[in-house]
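Trainee: Dumping the structure here so I can ask a few things about it.
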Amino acid sequence: MGSTPSNTTNTTWRVDTGLAAKLAENAAALSLLIITVLRTLQSCSGLRENSVAFPFRFVTIVAMVVMAVLQMASTRALGQNSISVGDFSIPRPHHPQPVIAVLALNEGTETTDFLVPYAVLRRAEVATVEAVAKSPGRVTLMPALAVELQHDMASFDRRYPKGADYVIVPAMHSDSDPVITGWIRTQAAKGAVIVAICSGALVAGKAGLLDHRRFAGHWYDRTTLLARHPSAVHLPNRRYVADNGTVSTTGVSASVPVSVALVEAIAGRERAELVAASIGVSDWGAVHDGAPFRIDVGNATTLAVNALMFWRHETIAIPVVNGVDDFQLALAADAWSRTYRSTAMAEAAGPVRTRSGLTLVPASPAAHRDAYRVPLLADALPASQLRHTLADISQRYGDDTRKLVELTMEYDDRGGY
């Protein structure tokens with residue numbers, strides 16, 4: 001059992017967190033239901049602009065606005081139950097030669113959460129870094145891309161019977177897979193620090209590793225995490241929080257600073273500065289302004305309109321070759337796939353080996369001849385790719401869609417990259 005949070009807090013309000021959590025979860029469920037119905041109807045030939053599409057779109061947008069109002073109310077209420085305390089440093093490794101496992105669920109693992117820590121930590125050359133799947137073979141990345149992984153958890157255990165120093169837990173298609181959560185618990189019991197990126201906090205929570213701890217977490221998950229773990233305490237305005245062997249971060253964009261912070265924990269400040277400079281990051285501190293990140297009527301309307309305009313949806317093809325920078329690719333593919341108007345894919349004639357040594361499974365150019373092709377930045381520091389992609393999104397779809405992408409990634413361009 002973890003340590004109990006300190007009784008010294010800045011909390012001055014008491015609220016019904018259970019009611020607030022229910023409001024937020026109902027709002028989230030409504031959102032997911034709408035999008036699911038949308039995607040189903042989109043594939044039906046009967047849904048046309050000159051038939052039922054317009055009233056359906058209107059009703060859906062109204063529902064999304066209602067959802068936004070509910071979520072804003074619940075987020076404000078639960079925010080009052082948060083505290084602000086001092087710094088919590090990421091623990092140092094316990095093995096002389098540190099071992100890091102970057103975990104994946106084959107059925108679905110978040111693109112940036114998985115690829116960015118793997119790429120940064122491999123580039124740093126401060127530890128043995130292993131990509132580990134539930135089963136060997138293809139891993140579908142969400143919302144875009146796919147990779148082939150050779151090693152599963154069983155093979156990792158045979159090669160490293162003393163366990164990992166750090167286990168990176170991305171957001172996953174299921175946050176309650178018993179094999180995944182059981183393995184995470186076992187690694188934690190052996191002394192591993194569990195680093196939950198973005199909604200990976202939901203997975204770590206299911207493994208029992210958020211209870212009696214302070215946490216960060218994606219803004220959208222906060223109500224769910226507090227409802228599931230009443231003994232946990234949310235820390236606002238921090239990109240990452242380390243408490244009693246569990247590190248948690250805010251949205252997917254926090255995968256960049258927390259990866260550099262891990263380098264610093266392993267090899268010191270000087271090495272971290274070199275790695276940060278090589279990827280284009282000027283600040284990897286934990287300070288974060290979380291206030292702007294919440295659903296409001298404006299971005300809820302943008303999401304609904306973009307999703308409903310299915311006749312304008314398109315595929316974004318990103319050409320890749322051997323040696324492609326997986327860091328850059330992750331940021332570009334993830335951002336383009338969060339517009340609710342486009343889905344990104346890597347494009348090549350066959351499997352591609354990334355700079356970090358992963359096997360990427362791209363789509364054939366012949367499969368999407370009408371795709372909009374967007375090459376990665378050439379001769380650029382990888383972290384700069386996100387700003388460039390957001391500028392492209394703004395130019396193609398408008399500033400409101402860019403803001404929606406920044407919201408879902410919890411990205412603030414003042415955050416050091």
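Trainee: Go through the residues of segment 262-275 one by one and say whether even a single one is under 18 Å from the mean Cα position of the chain (by Cα) and either in a helix (DSSP H, G or I) or modelled with pLDDT of 95 or more (or both). First the steps, then the outcome.
Mentor: Our first condition is that a residue be under 18 Å from the mean Cα position of the chain (by Cα); within segment 262-275, this holds for 262.
Checking the rest, the ones that are also either in a helix (DSSP H, G or I) or modelled with pLDDT of 95 or more (or both) come to 262.
Yes, segment 262-275 has at least one match.
Trainee: Moving to a separate point now. Assess whether ALA272 counts as being without any contact (Cβ under 8 Å) to a residue 12 or more places away in the chain and surrounded by fewer than 23 Cβ atoms within 10 Å (Cβ to Cβ). Steps first, please.
Mentor: Working: without any contact (Cβ under 8 Å) to a residue 12 or more places away in the chain: no; surrounded by fewer than 23 Cβ atoms within 10 Å (Cβ to Cβ): yes.
Here the answer is no, as ALA272 does not meet what is asked.
Trainee: Give the number of residues within segment 383-417 that are surrounded by fewer than 17 Cβ atoms within 10 Å (Cβ to Cβ) and among the hydrophobic types (A, V, I, L, M, F, W, C).
Mentor: 1
The values are calculated or read from the model by the stated rules, or taken from the named source; none is laboratory data. These figures come from a predicted structure and were not determined experimentally. Backbone-built Cβ (ideal geometry, glycine too); neighbour counts: all protein chains shown.
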